[in-house]
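**Student:** First the structure, then my questions, so here it is.
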Amino acid sequence: MDNRQDTTIAVELALLVALATLWGGSYTFIKLGVATIPPITLIAARTSIAGLLLLVVMRARGVSMPTDAATWQRFAFQAVLNSVIPWTLIAWGERYVDASLATILNSAGPIFTFLLTAVITRHETTSPRKLFGVVAGMAGILLIVGVDAFHDLGGGLVAEAAIVVATICYACAAIFGRSFKGLDPMAPAAGSLLAGAAALIPASLVVEHPWTLSPSLSSVLALLALAVFSTAAAFAIYFRLIQTLGSVGTTAQAYLRVPIGVGISVAFLGESLNQTAWIGLACVVLGVAAMTIPARQRAGVKTS
């Protein structure tokens, strides 16, 4: 039984790393995309392409989408929390701040999820070990980015505040996402993306007039990568992990997303990495482990 449990945990943690990588790369894709594509149009295209792609995959798997109005209302609410508001805010914010700084500011998801869980919903145990994970992860983030990474706080203060608001939306979405337990993980992923697209496409047509745009090749390729990898594939993994690791555990990928996201921005956008990154990375991994790996029960001892 222990070996089977260890294997299951290893699979879920591997998926957590994969999710962190897919979402870590999204900040670079967004930065490249908004260079010539306005934010609402970029996110409308992102949700549309990814949602349709997931529908094709579901059909190939023989999985049907729910048809009742109540479930689609929940999909729409999840879309507001997990894509419509946060993705648009991040895309707009990255017009004024670096991709690495957006990654850092957006990494506080587990903090807000932990606090919302502890104070309001109380649907998961908020143990001292998880609190330690929060502290260790944030310490690692500070070591990775260093004080210099925040030198422009204030210059783009409104953009930075928008990204923090997006982070709070993610925390709420992680908690609400547990209500989809029992559905195939791709159903809420596809449903929320399509619901988000239904809201964003009209907004894009009215506000940004996408037919007048002349996007660059790099922006178009970034949009496609953002939709296929950082959205369609990532959402399928995300909704599975919400059901297996829980909301606090799943949002812990934000800590892994920091070194991965910053590393990608270093490689493709020429942004610099702090010298203490390796020590910070160790703290990040420790924090993720504390928040995601379940404590073993001692033989003969019951835990509440």
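**Student:** Since residue 189 meets every condition but one in (1) closer than 22 Å to residue 99 by Cβ; (2) part of a helix (DSSP H, G or I), which condition does it not meet?
**Tutor:** (1)
**Student:** Next up: Just checking, which of 25, 62, 51, 33 is surrounded by fewer than 17 Cβ atoms within 10 Å (Cβ to Cβ) and out of contact with any Pro (no Cβ under 6 Å at 6 or more places or on another chain)? Please lay out each step first, then the result.
**Tutor:** Numbers: 25 fails: surrounded by fewer than 17 Cβ atoms within 10 Å (Cβ to Cβ); 51 fails: surrounded by fewer than 17 Cβ atoms within 10 Å (Cβ to Cβ); 33 fails: surrounded by fewer than 17 Cβ atoms within 10 Å (Cβ to Cβ).
Of 25, 62, 51, 33, the one residue that is surrounded by fewer than 17 Cβ atoms within 10 Å (Cβ to Cβ) and out of contact with any Pro (no Cβ under 6 Å at 6 or more places or on another chain) is 62.
**Student:** Continuing with this model, one more query. Could you pull out the residue among 268, 176 that is among the hydrophobic types (A, V, I, L, M, F, W, C), surrounded by fewer than 23 Cβ atoms within 10 Å (Cβ to Cβ) and at pLDDT below 85?
**Tutor:** After ruling out the rest, the residue left standing is 176.
**Student:** In the stretch 121-136, what count of residues is obtained for those that are assigned to a helix (DSSP H, G or I) and at pLDDT below 75? Can you show your working first?
**Tutor:** Keep residues of the stretch 121-136 that are assigned to a helix (DSSP H, G or I), which gives 121, 128-136.
If we keep only those that are at pLDDT below 75 as well, we get 121.
Matching residues across the stretch 121-136 total 1.
**Student:** In contact (Cβ under 8 Å) with a residue 24 or more places away in the chain and more than 14 Å from residue 47 (Cα to Cα) - does that describe any residue in the stretch 192-207?
**Tutor:** Scanning the stretch 192-207, I find at least one residue that is in contact (Cβ under 8 Å) with a residue 24 or more places away in the chain and more than 14 Å from residue 47 (Cα to Cα), so the answer is yes.
**Student:** Same structure, new question: Answer yes or no: is there a residue in the stretch 63-86 that is of a type in the set (Phe, Trp, Tyr) and under 14 Å from the mean Cα position of the chain (by Cα).
**Tutor:** Quick first cut of the stretch 63-86, residues of a type in the set (Phe, Trp, Tyr) only: 72, 75, 77.
Next, from what is left, pick out any that are under 14 Å from the mean Cα position of the chain (by Cα): none.
No, the stretch 63-86 contains no residue that is of a type in the set (Phe, Trp, Tyr) and under 14 Å from the mean Cα position of the chain (by Cα).
**Student:** Given the condition more than 21 Å from residue 245 (Cβ to Cβ) and among the charged types (D, E, K, R), answer yes or no: does some residue in the stretch 61-76 qualify? If you could, list the steps in order and put the result at the bottom.
**Tutor:** Filtering the stretch 61-76 for residues more than 21 Å from residue 245 (Cβ to Cβ) gives 61-73, 75-76.
Then drop every residue that is not among the charged types (D, E, K, R), which leaves 61, 68.
Scanning the stretch 61-76 turns up at least one residue that is more than 21 Å from residue 245 (Cβ to Cβ) and among the charged types (D, E, K, R).
**Student:** Identify all residues within the stretch 179-207 that are at pLDDT 95 or above, within 14 Å of residue 74 (Cα to Cα) and not hydrophobic (A, V, I, L, M, F, W, C); write none if there are none.
**Tutor:** Within the stretch 179-207, 196 is the sole residue that qualifies.
**Student:** Are there helices (runs of 4 or more DSSP H) fully within the stretch 1-106 with at least 3 residues that are of a type in the set (Phe, Trp, Tyr)? List them.
**Tutor:** Values: elements: 2-33, 39-61, 69-79, 85-93, 99-105.
Correct list: 2-33, 69-79.
**Student:** Can you name every residue in the stretch 179-193 that is buried (at least 20 other Cβ atoms within 10 Å of the Cβ) and of a type in the set (A, V, I, L, M, F, W, C)?
**Tutor:** Matches in the stretch 179-193: 180, 186, 187, 189, 190, 193.
**Student:** Being at pLDDT 95 or above, surrounded by 24 or more Cβ atoms within 10 Å (Cβ to Cβ), touching a Gly at 6+ places or on another chain (Cβ under 9 Å) and among the hydrophobic types (A, V, I, L, M, F, W, C) is true for just one of 102, 91. Which residue is that? First the steps, then the outcome.
**Tutor:** Numbers: 102 fails: at pLDDT 95 or above.
On inspection, the qualifying residue turns out to be 91.
**Student:** Only one of these is touching a residue at least 12 places away in the same chain (Cβ under 8 Å) and touching an Asp or Glu at 6+ places or on another chain (Cβ under 8 Å): 76, 18, 102. Name it. Walk me through how you get there before you give the answer.
**Tutor:** Values: 76 fails: touching an Asp or Glu at 6+ places or on another chain (Cβ under 8 Å); 18 fails: touching an Asp or Glu at 6+ places or on another chain (Cβ under 8 Å).
Every option except 102 fails the conditions.
**Student:** For the subset of the stretch 196-247 comprising residues that are part of a loop (DSSP other than H, G, I, E, B) and of a type in the set (Gly, Ala, Ser), which member is surrounded by the most Cβ atoms within 10 Å (Cβ to Cβ)?
**Tutor:** The initial filter retains those residues of the stretch 196-247 that are part of a loop (DSSP other than H, G, I, E, B), namely 208-209, 213-216, 245.
Now restrict to residues that are of a type in the set (Gly, Ala, Ser): 214, 216.
Working: 214: 7, 216: 13.
Filtering first and then ranking leaves 216.
The values are calculated or read from the model by the stated rules, or taken from the named source; none is laboratory data. The shown structure was predicted, so the numbers you read here are calculated from the model rather than taken from an experiment. A quick note on method: Cβ atoms are made from the backbone with ideal geometry, for glycine too, and the neighbour counts reach across all protein chains shown.
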